[in-house]
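The values are calculated or read from the model by the stated rules, or taken from the named source; none is laboratory data. The shown structure was predicted, so the numbers you read here are calculated from the model rather than taken from an experiment. Here Cβ is always computed from backbone atoms with ideal geometry, including for glycine, and neighbour counts include all displayed protein chains. Accessible surface areas use protein heavy atoms only, side chains included; no ligands, DNA or RNA. Shrake-Rupley method; radii C 1.70, N 1.55, O 1.52, S 1.80 Å.
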Amino acid sequence: MYKQLRLIGIIGILMVTLGACVPQSFAGSTPTDEPPRVESVDVPPPQPNLSDEDLKKFQEFIPSIRGSSMIQIAEIRNQNEVFIQFYTSYKELKEAKPDSPLTEEEFNSYFPAIDTVHKLIMEVTIRLLHEIPAVRKITLNAPFKNQLYGIDAKRRSIEMYLKASFKKIHDEPGQKQWKELVKKLFTTKERDKFAQRFIRPYPSAPL
């Protein structure tokens, strides 16, 4: 009996000794008042709003668009997003503007082929982003045979496609890069590639 008690005592002493040697990280965690660590997340910087000068440029740009008298909406949304939409049909135009002197033949002559629509959408988009690099997004819809075709793309997507920065092109003295871009891009071949990448038909007018 004495030997058993002695053995139990020895075992107890060994357990206490071993417990003291256990690293602190393995001994149970002690609650603290420190807040949990949160990993930092890179937040993209806010896009700048259009300046008064940019808004003026936009207003002056609209009349230069082919068939501008057929435009239903031309405005800036969300401070830096361009939205331009033509009337879908001559009937829709006359219902909204009964006094419009435009004839149906004239309306249809502005966009006689789908390539004409593609050309307008691509050139207006590229020229507008070059003229006003602060524009973050462009939505532009034009009609063909009583249906709208258009682009709804962010500036960054178009820059990645072109492998170019509109801000750098805009600010470059002499505009050499811009002239080279226009010469290369504004061709039937490049227009078709651009249309396949960005231009889509709309089943109804997205106001």
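Would you confirm, using the coordinates I've provided, whether residue 174 is open to solvent by less than 80 Å² (accessible area, probe 1.4 Å) and not in a helix (DSSP H, G or I)?
For residue 174, the condition - open to solvent by less than 80 Å² (accessible area, probe 1.4 Å) and not in a helix (DSSP H, G or I) - is not met.
So how many residues does the stretch 86-119 have that are part of a helix (DSSP H, G or I), in contact with a Leu (Cβ under 8 Å, 6 or more places away or on another chain) and aliphatic (A, V, I, L, M)?
Residues flagged as part of a helix (DSSP H, G or I), in contact with a Leu (Cβ under 8 Å, 6 or more places away or on another chain) and aliphatic (A, V, I, L, M) within the stretch 86-119 amount to 1.
Which of the following residues is under 16 Å from residue 182 (Cα atoms) and either among the aromatic types (Phe, Trp, Tyr) or touching a Phe, Trp or Tyr at 6+ places or on another chain (Cβ under 7 Å) (or both): 144, 107, 166, 111?
Step by step, each of 144, 107, 166, 111 is checked, and only 166 is under 16 Å from residue 182 (Cα atoms) and either among the aromatic types (Phe, Trp, Tyr) or touching a Phe, Trp or Tyr at 6+ places or on another chain (Cβ under 7 Å) (or both).
Filter the stretch 161-171 for residues that are of a type outside the set (A, V, I, L, M, F, W, C), in a helix (DSSP H, G or I) and out of contact with any Lys or Arg (no Cβ under 9 Å at 6 or more places or on another chain) and give the result.
Matches in the stretch 161-171: 167, 168, 170, 171.
Go over the candidates 198, 111, 144, 107 one by one and state the one that is under 25 Å from residue 54 (Cβ atoms) and out of contact with any Cys (no Cβ under 9 Å at 6 or more places or on another chain).
198
Given the options 126, 76, name the one that is in contact with a strand residue (DSSP E or B) (Cβ under 9 Å, 6 or more places away or on another chain) and among the aliphatic types (A, V, I, L, M).
So the residue among 126, 76 that is in contact with a strand residue (DSSP E or B) (Cβ under 9 Å, 6 or more places away or on another chain) and among the aliphatic types (A, V, I, L, M) is 76.
Can you tell me which residue among 163, 168, 184, 137 is under 22 Å from residue 199 (Cβ atoms), surrounded by fewer than 13 Cβ atoms within 10 Å (Cβ to Cβ), of a type in the set (Lys, Arg) and under 20 Å from the mean Cα position of the chain (by Cα)?
From the options 163, 168, 184, 137, the qualifying one is 163.
Scan the stretch 56-100 residue by residue and report those that are more than 17 Å from residue 147 (Cα to Cα), within 22 Å of the chain's Cα centre (by Cα) and open to solvent by less than 60 Å² (accessible area, probe 1.4 Å).
57, 58, 61, 62, 74, 76, 80, 81, 82, 83
Given the criteria small (Gly, Ala, Ser), open to solvent by less than 70 Å² (accessible area, probe 1.4 Å), farther than 24 Å from residue 59 by Cα and not in a helix (DSSP H, G or I), does residue 153 qualify?
Spelling it out, it is not the case that residue 153 is small (Gly, Ala, Ser), open to solvent by less than 70 Å² (accessible area, probe 1.4 Å), farther than 24 Å from residue 59 by Cα and not in a helix (DSSP H, G or I).
Can you say whether residue 119 is of a type in the set (Lys, Arg) and either within 11 Å of residue 144 (Cα to Cα) or buried (at least 18 other Cβ atoms within 10 Å of the Cβ) (or both), as far as the supplied structure shows?
yes
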